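The structure under discussion appears below in the form of structure tokens.
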Amino acid sequence: MTRLAFTLALSFALSAPALANTVLVKVTGAKDGGKIVVSLWNAPKGFASFDQSKALATRTAPVAGGGGTVRFEGLAPGRYAVSAFHDADGNGKLKTNFIGMPREAVGVSGTAGGMPAFEKSVFSVPGEPVTIVLRSLGD
């Protein structure tokens, strides 16, 4: 009976999706002060507007040396995207101007500029660490 239980447990462990993947995100381009807010996405809804409530997970890190680093752990293999902003005022929300343009520096994975598009920002897990360079878009 013990051998059967062991075989069943091993079978289940081998058939379950691996959740041991980690994504390391390094963010640069922030001015001193405040914190870096980084969100992980597995779907496009809310991505372009940096709506953290729609993100799979969000992490923060203090700004040190013009940036910060966060980790997302326990991820299943798949396609993800990352967005980040410099929360200069520390309120946890992206500050925007009257037409919705970010007033705090922002960035996304895989995109050098322009409006953030989920499909252009997607990367695979497991994979390499992600680097995001923050840019100010509008004041």
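Just so it is clear, none of the values below were taken in a lab; they were calculated from the coordinates. Computed from a predicted model, the values in this text were never measured in an experiment. Note that each Cβ is placed from the backbone with ideal geometry, even for glycine, and that neighbours are counted across all protein chains shown.
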Can you pull out every residue in the range 54-66 that is over 16 Å from Ser39 (Cβ atoms), in a strand (DSSP E or B) and either touching a residue at least 12 places away in the same chain (Cβ under 8 Å) or of a type in the set (Phe, Trp, Tyr) (or both)? Pro62
What pairs come up if the first residue lies in the range 30-44 and is in contact (Cβ under 8 Å) with a residue 40 or more places away in the chain and on the phi > 0 side of the Ramachandran plot, the second is surrounded by 21 or more Cβ atoms within 10 Å (Cβ to Cβ) and part of a strand (DSSP E or B), and their beta carbons are under 8 Å apart, counting only those six or more places apart or on different chains? Gly34/His86; Gly34/Asp87
Could you give every pair whose Cβ atoms fall below 8 Å, whose first residue belongs to the range 116-129 and is surrounded by fewer than 14 Cβ atoms within 10 Å (Cβ to Cβ), and whose second residue is assigned to a loop (DSSP other than H, G, I, E, B) and of a type outside the set (A, V, I, L, M), counting only separations of at least 6 or pairs across chains? Glu119/Pro44; Ser124/Pro77; Pro126/Pro77
Consider the range 62-77. How many of its residues are farther than 15 Å from Glu104 by Cβ and within 14 Å of the chain's Cα centre (by Cα)? 7
